[in-house]
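Scroll down for the structure; my scribbles are underneath it.
The values are calculated or read from the model by the stated rules, or taken from the named source; none is laboratory data. Computed from a prediction, not measured in an experiment: that's the story for all the values here. Virtual Cβ from ideal backbone geometry, glycine too; neighbours counted across all protein chains shown. Please note that ligands, DNA and RNA were not included when accessible areas were found on the heavy atoms of the full protein model with its side chains. Shrake-Rupley method; radii C 1.70, N 1.55, O 1.52, S 1.80 Å.
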Amino acid sequence: MRIIRTADLKPGFVVGRALTDEKGNILLQQGVELTQRYIQALETKGYNRLYVQDPDLGDDDIEPPEDLSPATRAKAMLTLQRSFAEVAKQLGTVKRQSFDELLEACSSETARVLMGSKGPLADMHEVANSILNEALTHSTLAGLTSMKSADSHLYDHSIDVCVTGIMIGRTVGLTNTRLRQLATGCLLHDIGMMFIDDKVSRTTKIHHHTRLGYELLKNNDDPDIMAPHVALEHHERQDGSGLPRGLIGSNTIARDRSLRPPIPTLIGEIAAVADIYDILLTGAANQDPMPPDMALNAIRQAAGTHLNRQVVEAFLRVVPVYPQGMEIIVRSEYLHNYSGIVTKVNPTQLDRPVITLVRNNHGKAIPAIAIDLVDKTDMFIRCKGL
Ligand SMILES: [Fe+2]
């Protein structure tokens, strides 16, 4: 299988991995041959990429890993969707206009019942636990987050941030209790977005959804369990230029007790890295999705000013630069401009995978050439644009 941009799909390609919508319905079954109509439908729904059976690898085709099994993802998706819909219904988000009114609704007794152990959010801990248990069986991330439609975006993004957050959290040595808080907090980090009018400015959006999410999640008998600070702090920046409070970070994992509060929490800083990683890979408003190698470069560059430097270092230890199934092109002298697929990730050298070249520098099919980049230190590759 290889991953292909929707814009590069052609009729005749065969679906490699089934595509389900936000309600769990299968949109495209594995093995289906794409037609122009299917491709157009994918574009209309906002999907930006798809796994297809590899046209060049034939019997040697590979099965790229997934961060979560389809069953766990589907359950998480349905729980998030049901819970968010119930909260929106009970708090009347659509009718309310002003930020103050919304703030009041999030701190109300009605909201407190919704966030309690008998409310619709109660299932979130179980979902967070199942994601946690599954994610911890993997040594690295898959390297690509989920394929999202316009309708599934908020839920898929929350699940992806949760998985990435957990993998970083384990690497920095969080306790199980903290990991569970981080997982639930990441699942709910953008819950405040349900109150936000699409037409407001980006700054207002960030201010409002972080504050409203925080008010809602802390309106609980045991606010710790919902990790409201993840909602509040995931748009903060180390240099103090973030929102909503402009907190200044220490760029370290160890908490320095001599620093005067308020300082960002570590789980908030982890969520900030996981959040930006998925946003870059998925493509923010009016921006194309970045290929993984470029996204990781952008994150490396943001370390120190925007993102906690040591958290970024931990993240880079669990994320492949060239995920399995990714189309790549050779950019060094030897076999320059030959292209192919990442066929295996080396878990100890996440930037030096095994590649299989299937096209020459003129784009013509060639007999497959497999190269382990661990042994070929003078050879460099780039991901093809996603
Ligand atoms: Fe956010």
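May I ask for log10 I(q)/I(0) of segment 203-247 at q = 0.14 Å⁻¹, from a Debye sum over the Cα atoms as equal point scatterers with solvent left out?
Computed log10 I(q)/I(0) values: -0.31.
Please grab the % of Cα pairs in segment 61-106 that end up more than 17 Å from each other.
Details: 572 of 1035 pairs.
Considering segment 61-106, 55 percent of its Cα-Cα pairs are separated by more than 17 Å.
Taking the Cα atoms of the chain, what is the range of coordinates along each of the three principal axes, in descending order and whole Å?
Principal axes ranked by extent give 67, 50, 37 Å for the Cα atoms.
Could you pull out every residue, at least 5 positions away or on a different chain, whose amide H is within less than 5 Å of the one on ASP351? Hs are placed 1.01 Å off N in the peptide plane, and Pro or chain starts have none.
VAL321
If I stretch the segment between VAL374 and PHE99 completely, what's the gain in nm (0.36 nm per residue apart, minus their alpha carbon distance), one decimal? Before the final figure, lay out each step's value.
Values: separation 275, 0.36 × 275 = 99.00 nm, distance 5.42 nm.
Between VAL374 and PHE99, full extension yields 93.6 nm more.
Quick one: what Rg and Dmax do you get for segment 327-383 from the alpha carbons, in Å?
Radius of gyration, then largest Cα-Cα span, for segment 327-383: 10.4, 33 Å.
I'd like the orientation of helix 70-91 relative to the chain: the angle between its Cα long axis and the longest Cα principal axis, in ° from 0 to 90, rounded to 10.
30 degrees
Accessible area of segment 104-250 with a 1.4 Å probe: how many percent of it is carbon plus sulfur? Write out the running numbers ahead of the final one.
On the way: 2670 of 5750 Å².
The nonpolar share, carbon plus sulfur, comes to 46 percent.
Rg(Cα) of segment 2-53 divided by 2.2 N^0.38 Å? Please report the intermediate quantities before stating the final value.
Details: Rg = 9.8 Å, N = 52, 2.2 N^0.38 = 9.9 Å.
Normalised Rg, Cα atoms only: 0.99.
Before rounding to the nearest 500, sum -39500 (n - 2.57) across all DSSP H runs of length at least 4 in the chain and divide by the residue total; then give [θ] at 222 nm in deg cm²/dmol. Please report the intermediate quantities before stating the final value.
On the way: 13 runs with 154 residues, N = 386.
Taking each H run of at least 4 residues, the total per residue is -12500 deg cm²/dmol.
Nearest 0.05, what FRET efficiency do SER201 and ARG300 give at R0 = 30 Å with Cβ-Cβ as r? Mind showing how you got there, number by number?
Numbers: r = 29 Å, r/R0 = 0.96.
Approximately 0.55, to the nearest 0.05.
Pick from GLY304, GLY213, GLY185: which residue has the top mean-square fluctuation in a GNM of the chain where Cα pairs under 10 Å get a spring?
GLY304
Determine the relative contact order of the chain: mean sequence separation of Cα pairs under 8 Å and six or more apart, normalised by residue count, in whole percent.
Numbers: 717 pairs, mean separation 54.4, N = 386.
Here the relative contact order equals 14 percent.
Could you provide, to the nearest whole Å², the per residue accessible area of the chain with probe 1.4 Å? Present the calculation step by step, with values, prior to reporting the outcome.
On the way: 17770 Å² over 386 residues.
Computed with neighbouring chains in place, this is 46 Å² per residue.
Of the listed peptides 164-172, 114-122, what is their order by residue-averaged count of other C-beta atoms within 10 Å, with the highest listed first?
On the way: 164-172: 24.8, 114-122: 17.6.
Descending packing order for the listed peptides: 164-172, 114-122.
Could you state the angle between the C-alpha long axis of helix 36-45 and the longest principal axis of the C-alpha atoms of the chain, as a value from 0 to 90 degrees rounded to the nearest 10?
30 degrees
Would you rank SER98, SER139 by solvent-accessible area, highest first, keeping every protein chain in place and using a 1.4 Å probe?
Working: SER98 50, SER139 85 Å².
My answer, sorted largest first, is SER139, SER98.
Tell me the label-point distance for the pair THR137, THR177, using the 7 Å Cα-to-Cβ offset, in nm and rounded to one decimal.
With each label point 7 Å from Cα toward Cβ, the separation is 2.8 nm.
Rank MET379, ALA284, ALA41 by how far each Cα sits towards the positive end of the charge dipole of the chain (+1 on Lys, Arg Cβ; -1 on Asp, Glu Cβ) and give me just the farthest.
Of the options given, the answer is ALA284.
Would you please state which residues of segment 1-34 a label at GLU43 would reach in this model, taking the label point 7 Å out along Cα→Cβ and a backbone N cut-off of under 18 Å?
Hits in segment 1-34 for GLU43 at 18 Å: 4-14, 34.
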